[in-house]
Amino acid sequence: MADVGGDKYRSYLTPEELKTTKWRAGPPNYDAVNKLFEEGRTNVWAEGSLEEQVQKFVKTWEMEMVHKSDPNEYKTLDPEKFVISMNGKKLFNLKQVADFGGSYNIFLHTSLPPSLRFYDPDQETYESSQSAFKTVFPRGFALEILKVYSGPPVISYKFRHWGYMEGPYKGSEPTGELVEIFGTAVFELDENSKVVKIEFFCDRGEMLAPLIKGNKSEV
């Protein structure tokens, strides 16, 4: 879990890397979500601790998955071997992640019938999913590591994601309420400390149900 460059919480975001990396929609800026994270986190892990290292590694992996357009520029994972799954369901490789519309759609993957989905990843693209959740959470959706159960090469941890519904969601007006989702994850690393497999376990409803509580807008 190399610590190279980056902002305070993510690696590989030096000024030079921001200019030379192939980004999906321009270089990412984490100022707002970093502020949200600092204001709302429940732990301040000691620098160099396993928890702090895992937290930075996971944030860096998430940054690469969401924002880098060329898998060959990923530094946290092996693009040839990498697979990811949600709640023990289908494993997706990187090509399938891209075909399915990116990380939000994988994270919110569901076997519910379409009529019961108030977010349907089968109908969303990378662009539409990014737009939807950036609108809902204009300050971002922060991540903290609550507990690390094991370190590399098999990292298992408990996490918390949170944000405030300060924008509309598919016709529901913003409530301003705190939206939280809790879960666990297992990252398997190879001999080069690259991620080859990730399993997430959480209840997607914790994130989505609060988004439809607001009054329906007329638009």
message: What is the angle, in °, between the Cα long axis of helix 126-136 and the longest principal axis of the Cα atoms in the chain? Nearest 10 is fine, range 0 to 90.
response: 70 degrees
message: Taking 0.36 nm per residue of sequence separation and subtracting the Cα-Cα distance, how much length would be gained by fully extending the chain between residue 147 and residue 80, in nm to one decimal?
response: 21.2 nm
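Quick one: which of 180-190, 45-55 comes out on top by average Cβ neighbours within 10 Å, and what's the full order, highest first?
With the highest mean Cβ count within 10 Å placed first, the list reads 180-190, 45-55.
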- prompt: Of the listed peptides 108-121, 89-102, what is their order by residue-averaged count of other C-beta atoms within 10 Å, with the highest listed first?
  reply: 89-102, 108-121
message: Among the listed pairs 19/68; 22/59; 95/194; 22/90, which have their C-alpha atoms separated by more than 23 angstrom in this model?
response: 22/90
statement: Between residue 212 and residue 32, the FRET efficiency computed from the C-beta separation at R0 = 25 Å comes out, to the nearest 0.05, as 0.55
task: Relative to the longest principal axis of the C-alpha atoms of the chain, give the angle of the C-alpha long axis of helix 50-67, reported between 0 and 90° and rounded to the nearest 10°.
output: 60 degrees
- request: Work out the FRET efficiency for residue 93 and residue 203 from their Cβ-Cβ distance, taking R0 = 22 Å, and round it to the nearest 0.05.
  value: 0.30
With Cα atoms, 0 to 90° folded angle of helix 31-40 axis to the chain main axis: 80 degrees
query: How much accessible area per residue does the chain have, in Å², with a 1.4 Å probe?
result: 49 Å²
message: Just to confirm my numbers, what's the Cα centroid distance between the range 110-154 and the range 24-90 in Å?
response: 13 Å
message: Could you compute Rg(Cα) / (2.2 N^0.38 Å) for the chain, with N its residue count?
response: 1.00
task: Would you mind computing, in nm to one decimal, how far apart the modelled labels at residue 62 and residue 135 are, each placed 7 Å from Cα along Cα→Cβ?
output: 2.2 nm
query: Out of the range 118-192, which trypsin sites (Lys or Arg not before Pro) are coil in DSSP terms and have no more than 13 other C-beta atoms within 10 Å?
result: 170
Sparse-neighbour loop sites [GluC sites (Glu not before Pro); the range 71-154; at most 15 other C-beta within 10 Å; DSSP]: 80
message: Computing the accessible area with a 1.4 Å probe over protein heavy atoms, can you report the carbon and sulfur percentage for the range 89-219?
response: 53 percent
task: Set the Förster radius R0 to 22 Å, insert the Cβ-Cβ distance between residue 186 and residue 20 as r into 1/(1 + (r/R0)^6), and round the FRET efficiency to 0.05.
output: 0.10
task: Report, ordered by chain and residue number, the aspartates and glutamates lying within cross-link reach of residue 89, taken as a straight Cα distance under 19 Å and ignoring same-chain residues fewer than 8 apart.
output: 99, 120, 122, 188, 199, 203, 206
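The values are calculated or read from the model by the stated rules, or taken from the named source; none is laboratory data. Quick caveat: nothing in here was measured; it's all calculated off a predicted structure. With ideal geometry, Cβ positions are generated from the backbone for all residues, glycine too; neighbour counts draw on all protein chains shown. Side chains included, ligands, DNA and RNA excluded: accessible areas come from the protein's heavy atoms. Shrake-Rupley method; radii C 1.70, N 1.55, O 1.52, S 1.80 Å.
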